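**Q** My questions all concern the structure below.
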Amino acid sequence: EGFSSVECFLSLYRFQACVYFASVFQAMSCGIHYLASVFMAVTPNFVCGFPGNVSSVLFHNSSASSIEDIWTLWTSTENYIVVQLENGEIWELDQCSRSKREVSLDLTYEYKGNKSVFPCSDGFLYDDMKWKSTVVTQWDLVCDREWLAKLIQPMFMLGVLIGAVIFGDIADRLGRRRVIWFTSAGQFVFGITVAFTFDYYSFVIVRFLLAMVSSGYLVVAFVYVTEFVGIKARTWASMHVHAFFAMGIMIVALMGFLVRTWWVYQIFLSIATLPFVMCCWMLPETPFWLLSEERYEDAQKVIDTMARWNKVSTPCKVSELCSVQQDHLASGRTGDDDTSSTKKHNILDLFCNWQIARRTITVWLIWFTGSLGYYVFSLSSVSLGGNEYLNLFLIGAVELPCYIIACVAMDKLGRRNTLIPFLILSALICVLIMFIPQDFNILIILANMAGKFSIGVAFGLIYLYTAELYPTIVRSLAVGSGSMMCRVGSVVAPFCVYLRSVWIFMPLLLVGIMALLSGILTIMLPETLGKPLTNTLVEATEMGRNKKSCSEKTPPAHSGAPLEKIEMFGQERVSTDK
C-alpha cells in the first residue's frame, strides 16, 4: 500500500500513453496465435486415394475426367465417388475406406454386386479449391488420426494455462520488462518455427511453447500497463487490452482470406510481432516493481524519464515516497498488534465461511463461463455458413464496442447490475439461435455476434469485480484462482465445439446453461461500486450481508489520508501541465 503514493505521478499521461500503446500492440499477436488454428487446422473434403491413373470419375449423375471437377458437387461426408482406372478397374472411394468392384463392366454409380473393401493405404485426396494446404492435409489427420487434429487447439490452450502460471511468477521475481522481452521474442521465434516443423508432434510441441509465451505476455502486459497507468484511466486501459486482442482475431480472418497455404499463413501472422520485438527493449521497468525490490536509484531514473516526457519540472522524489511508506508501515505496526504478525494465506481462505465460499464458487463459475462462451462463439464462427472469413472478422469486431459499453455500464449501473443482465442475455441468445432456421445464415451470424457481445461484456468485467469482492490479504489469490478457472474454460471450449458432431446446438446449449446459472448466482453477490476495498475477511463477509459496507461503519485500520493528499497534489500537477 505504501507504493500507492507513486500513482500521483503515474496519472500524467503522455509518457504512459506511449508505453501503453507499445505494450498492447503486442496483445494483437496473442489474439492472432490463440485463434490461428481455425484456418490452419481446417479439414477440407477428402476421399481415399486410388492405386493407379484415373480415366473417368462419376458422382451421382455427373461425370468428369478428374476428381478436382467433382468437389463443387460434394455435399455430404456420406457421399462416395466412383472412379474407373486406366486398367479398367472400378473403385468406390469413401472418406475412410475404398471398395473395388469385382465385376467392372459398366461405369454406374449404383452397384449391387460383390465388392472388396481396402484401407486407405495410398493416402487421401483433398479438396484444395479453398485451402491449398493445411496441417490436416500435410500429415493426413483424418479418419483414425482425426483425434490428433482435434487435440491441436486444446493442447495450445493447455500451454496458455501453464504459461500464465509460470511467467506470472517469473515477472514477480525478475521484473516485468525482462518477461516482456523474452515472451515477445518467443512469440516471433516460435511463431516462425511452427511454419517449418517437420511432423505433427514437433508442430504440437512448438505450438505449446508458443502458447506459453503468448499467455505469459498477455498476463504480464495486464500487470505492466496497470502499474504504469493512473487510477482514473486504469479501468479503461486494462479493459481495452482485450480490444487489441480482438483486433488480432480480425487479422486472423483477413490473413486467412488472403493466404491459403498454412505455413505461409503462419509466417505472415508471426511477422506481426516483429515491429514490437525490435523496439520492446526500450520499454522501462515499472517503478512499482523497482520500489518493491528496493532499487530506488533505478526507480528514480524511470520517474525522471517520465518527467521529461510529460514536461514536469518538479517530479516526485523516491526519497519522499520511501518516507511516506516508512511512516505508513510504522503507524500500522503501532496501531494494531494483529497487523504486525503476518500470516500466509492459501486457497482454503477463499472458503473460510459460507458467505466467502459461496462467493468464490460463483466467481469461479463466472470466470469459467466467460472463457467457455468467448472461445465457443469464436471457434464455431467459421462453421456458421456463409463466408467463414467474414464471420470470424465480425466476431472479433463486435468486441470493440462491447468493452466501451462495459466500462460505461460498470461505472454507471454497478458491477453486479451490469454482469447479471449480460450473462442472462447471453443465455437467452443461445436459446434463440436454436430456433433460427439453418438457411437464415445472416440472422444466425447476427445472433452469434450478439452472443459474443454479451459474453464479452461479462468476461471483461469479471477481472475488476473479482478484485473488489475480496479483501487485500487474499485479493491476488482470488484473481489468480479465477484466472486459472478461465484457462480451464479455454481448454474445455474446443472439446465443446467438437460436440457439434453429436448435435449442432450442443455447444450453445452448454454455454446457455452455464451462463444462466452464473447470472442467477450473481444475484447473491454484493455490489462493489463506490465502496472502499476491504482489508480483512471479516469486512468482506459483512459486505455480503449488509447493504452498506462495513467499511462505512468502521474505517479500515490503515487510513489513506496521507495518500489522498499526495493524490490531490498529483491532480494539481495534471491540471497545470495541460
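The values are calculated or read from the model by the stated rules, or taken from the named source; none is laboratory data. None of the values given here were measured: they were computed from a predicted structure. Ideal geometry is used to build each Cβ from the backbone, glycine not excepted, and the neighbour counts take in all protein chains shown. Please note that ligands, DNA and RNA were not included when accessible areas were found on the heavy atoms of the full protein model with its side chains. Shrake-Rupley method; radii C 1.70, N 1.55, O 1.52, S 1.80 Å.
Rundown of residues vs (1) assigned to a helix (DSSP H, G or I); (2) more than 14 Å from Ser454 (Cβ to Cβ); (3) among the polar types (S, T, N, Q); (4) over 21 Å from the mean Cα position of the chain (by Cα), yes/no style:
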site	(1), (2), (3), (4)
Val376	yes, no, no, no
Ser380	yes, yes, yes, no
Gly386	no, yes, no, yes
Leu400	yes, yes, no, no
Ile405	yes, no, no, no
Ala409	yes, no, no, yes
Leu419	yes, no, no, no
Leu428	yes, no, no, yes
Gln438	no, yes, yes, yes
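**Q** Still on this structure, please answer the following. Find the residue count for the stretch 534-557, including only residues that are outside any helix (DSSP H, G or I), buried (at least 18 other Cβ atoms within 10 Å of the Cβ), modelled with pLDDT of 50 or more and not β-branched (Val, Ile, Thr).
**A** Residues flagged as outside any helix (DSSP H, G or I), buried (at least 18 other Cβ atoms within 10 Å of the Cβ), modelled with pLDDT of 50 or more and not β-branched (Val, Ile, Thr) within the stretch 534-557 amount to 1.
**Q** Against the definition (under 14 Å from the mean Cα position of the chain (by Cα), closer than 25 Å to Ala149 by Cα and surrounded by fewer than 24 Cβ atoms within 10 Å (Cβ to Cβ)), how does Val497 come out, yes or no?
**A** no
**Q** Residues in the stretch 306-315: is at least one surrounded by 14 or more Cβ atoms within 10 Å (Cβ to Cβ), modelled with pLDDT under 80 and not in a helix (DSSP H, G or I)?
**A** Within the stretch 306-315, one or more residues are surrounded by 14 or more Cβ atoms within 10 Å (Cβ to Cβ), modelled with pLDDT under 80 and not in a helix (DSSP H, G or I).
**Q** What's the number of the condition Gly113 fails, among (1) part of a loop (DSSP other than H, G, I, E, B); (2) under 22 Å from the mean Cα position of the chain (by Cα)?
**A** (2)
**Q** Taking the residues in the stretch 107-126 that are more than 13 Å from Trp91 (Cα to Cα) and touching a Ser or Thr at 6+ places or on another chain (Cβ under 9 Å) as candidates, determine which candidate is surrounded by the fewest Cβ atoms within 10 Å (Cβ to Cβ).
**A** Checking each candidate, the answer is Phe124.
**Q** Among the listed residues Val179, Val219, which satisfies the condition of being at pLDDT below 90 and over 21 Å from Val492 (Cα atoms)?
**A** Criteria check complete, one pass: Val179.
**Q** Can you tell me which residues in the stretch 80-104 are assigned to a loop (DSSP other than H, G, I, E, B) and closer than 14 Å to Asp122 by Cα?
**A** Within the stretch 80-104, Asp94, Gln95, Cys96, Ser97 qualify.
**Q** Confirm whether Val83 is within 21 Å of Lys132 (Cβ to Cβ), touching a residue at least 24 places away in the same chain (Cβ under 8 Å), in contact with a Phe, Trp or Tyr (Cβ under 9 Å, 6 or more places away or on another chain) and crowded, with 18+ Cβ neighbours inside 10 Å.
**A** no
**Q** Quickly run through the stretch 376-388 and pick out the residues that are of a type outside the set (S, T, N, Q) and surrounded by 24 or more Cβ atoms within 10 Å (Cβ to Cβ).
**A** Val376, Phe377
**Q** Where the second residue is aromatic (Phe, Trp, Tyr) and open to solvent by 40 Å² or more (accessible area, probe 1.4 Å) and the first is without any contact (Cβ under 8 Å) to a residue 24 or more places away in the chain and lies in the stretch 38-54, which pairs have Cβ atoms under 7 Å and are six or more apart or on separate chains?
**A** Pairs found: none.
**Q** Quick check on Phe222: is it more than 17 Å from the chain's Cα centre (by Cα) and not assigned by the TED database to the domain that holds Tyr465?
**A** Here the answer is no, as Phe222 does not meet what is asked.
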